[in-house]
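Contents: one structure, followed by commentary.
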Amino acid sequence: MSYQVLARKWRPRAFRDLVGQEHVVQALVNGLDQDRVHHAFLLTGTRGVGKTTIARILAKCLNCENGVSSTPCGECASCADIDEGRFVDMLEIDAASKTKVDDTRELLETVQYTPTRGRYKVYIIDEVHMLSGHSFNALLKTLEEPPPHVKFVLATTDPQKLPVTILSRCLRFNLSRLLPEQICAYLAQILQEESVDFEEAAVMRIARAADGSMRDALSLLDQVWSLSDGAVSEELVDELFPAAHDELNAELIDAFAANDPAAALAAVDRIFSRGATPDHWCSLMIDQVRDLLILRTCGKDSPLADLPGAMRDRVYDQSQKFDAGALVHMITVLEELRRSVKSSGSGRALVDAAVVRLAEASQYSSIESLLAEVQNKGTGTAGAGAAASSRAAPWRATTKAATICPRCSSARPTTPHSCTSGCSSSAASTSGPEML
């Protein structure tokens, strides 16, 4: 017998086997048990959260030979055929490959015919947002008033692209991402059933890497299992899916903390010499800085950061070199950079400019701290205000001389200037930090 991947072998076959999505399951179970089943359902959510699985279970509930029920027997010929995907009255359509209006019309021509074997004909249209505008128009009337023997289940990862006329004709359920703890528990159950030894920390790493998708988690587990000697260990997971914290990226962050743009540019050059692309590097850096922010804000032992134990101490020590505002600023700059390099032919130049900007960020102050310093000077408490500002933002330990407009209290590197309040003043003091 050929090998069957875990995502197919362990696909839930009844509502009681589903992981998460309790709000969806409860509504469907109530409708089936009370004989109030809607004729059209819309399931939305990211990949791997159970949209197609719920649609197939619903088809099984409606066509079980023992009658309509929220708990199909799973043993009759109809249930077995639905599980195997060969039930003639359950039609699964991939809208991504059937986008034309002619495809939709051809599909709708079969709606009028009664079921061949089952009680209902169930049309499962996956990625329904890929249909063309004319296809949606052709579907409207049938979707609003289908024959009594027809049920529609539409699934999509992008409901914003669906016309309002479609949304108003369906009973909509939004499927949420699965929590790492839910995924971890299910993976552990599977490994126990498969008689595979595992480390709980390794399974949790896989669950976090799946980013809320059970299918992704099962695919990652398949990959780890295929390379193991019969046990899923944290060491093997670290080797296959290394943490986001890269040594060269850590050197770059240290250069930011040291306000050393030359060292930062040298680190970036070594990173890109290994073949990294600007957009992928930005994503990795954002994840790395995000972990710094979590540990800086929530403490070293926070479970929100996906870090192996051996790395956590070092990352925590690095996070103490920055304040939370500085790390937020870094993430903002890196996200802006990630969006820019995708559409630019000068991605490397944009990266270098952003790196220099971050490395020299300590020479600048926020607008709030500038206004506080100006106000403190007016009340004779400048020293206390500067000290407080320094304590609140250790990453901004030094300031750079700039001019301050006496009329609008804004800092400018040159004078005269035109400020937001409309003044054009050539009189300015030469104390205070320069704005970014």
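Quick look at the numbers
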| quantity | calculated |
| --- | --- |
| 15 Å beta-carbon shell around Glu335, net charge (K/R +1, D/E -1) | +2 |
| Dipole axis of the stretch 180-240 (+1 Lys, Arg; -1 Asp, Glu on Cβ), positive-most option in Ala188, Phe198, Met214 | Met214 |
| The stretch 180-240 - Debye-derived log10 I(q)/I(0), Cα point model, q = 0.22 Å⁻¹ | -0.77 |
| Rounded to the nearest 20 debye, dipole of the stretch 247-363 from Cβ charges on Lys, Arg, Asp, Glu | 240 debye |
| Furthest towards positive pole of dipole, Gln320, Pro303, His280, structure part the stretch 247-363, Cβ charges | His280 |
| Value of Rg/Rh across the stretch 226-304 [Cα atoms, Kirkwood radius] | 1.06 |
| Ranking of Asp103, Asp89 by count of other Cβ atoms within 10 Å, fewest first | Asp103, Asp89 |
| Linear extension gain, Ser219 paired with Ala96, 0.36 nm per residue minus alpha-carbon span | 42.0 nm |
| Those trypsin sites (Lys or Arg not before Pro) in the stretch 76-158 that DSSP places in a loop and that have at most 10 other beta carbons within 10 Å | Arg86 |
| Selection from Thr71, Ala27, Val101, by position along the positive dipole direction of the stretch 6-101 (Cβ) | Val101 |
| The stretch 180-240, dipole about Cα centre (Lys/Arg Cβ +1, Asp/Glu Cβ -1), debye to the nearest 20 | 260 debye |
| Mean separation of Cα contacts under 8 Å, 6 or more apart, over the residue count of the stretch 180-240: relative contact order % | 39 percent |
| Contact order relative to length of the stretch 6-174, as percent, for alpha carbon pairs under 8 angstrom and 6 or more apart | 29 percent |
| Residue-count net charge about Leu62 - beta-carbon cut-off 9 Å; Lys, Arg +1, Asp, Glu -1 | +3 |
| Trypsin sites (Lys or Arg not before Pro) within the stretch 1-47: DSSP coil, no more than 14 neighbouring Cβ in 10 Å | Arg36, Arg47 |
| Computed label-point distance, nm, for sites Leu167 and Asp269 using a 7 Å Cα→Cβ extension | 5.2 nm |
| Trypsin sites (Lys or Arg not before Pro) lying in DSSP loop within the stretch 254-302, provided at most 14 other Cβ fall within 10 Å | Arg274 |
| Listed pairs Lys60/Lys161; Lys98/Lys141; Lys98/Lys342 exceeding 26 Å between Cα atoms | Lys60/Lys161; Lys98/Lys342 |
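The numbers here are math on the coordinates, done by the rules we state, and not lab data. Since this is a predicted model, take the numbers as computed values, not measurements. Here the Cβ is made from the backbone with ideal geometry for all residues, glycine too, and neighbour counts use every protein chain on show.
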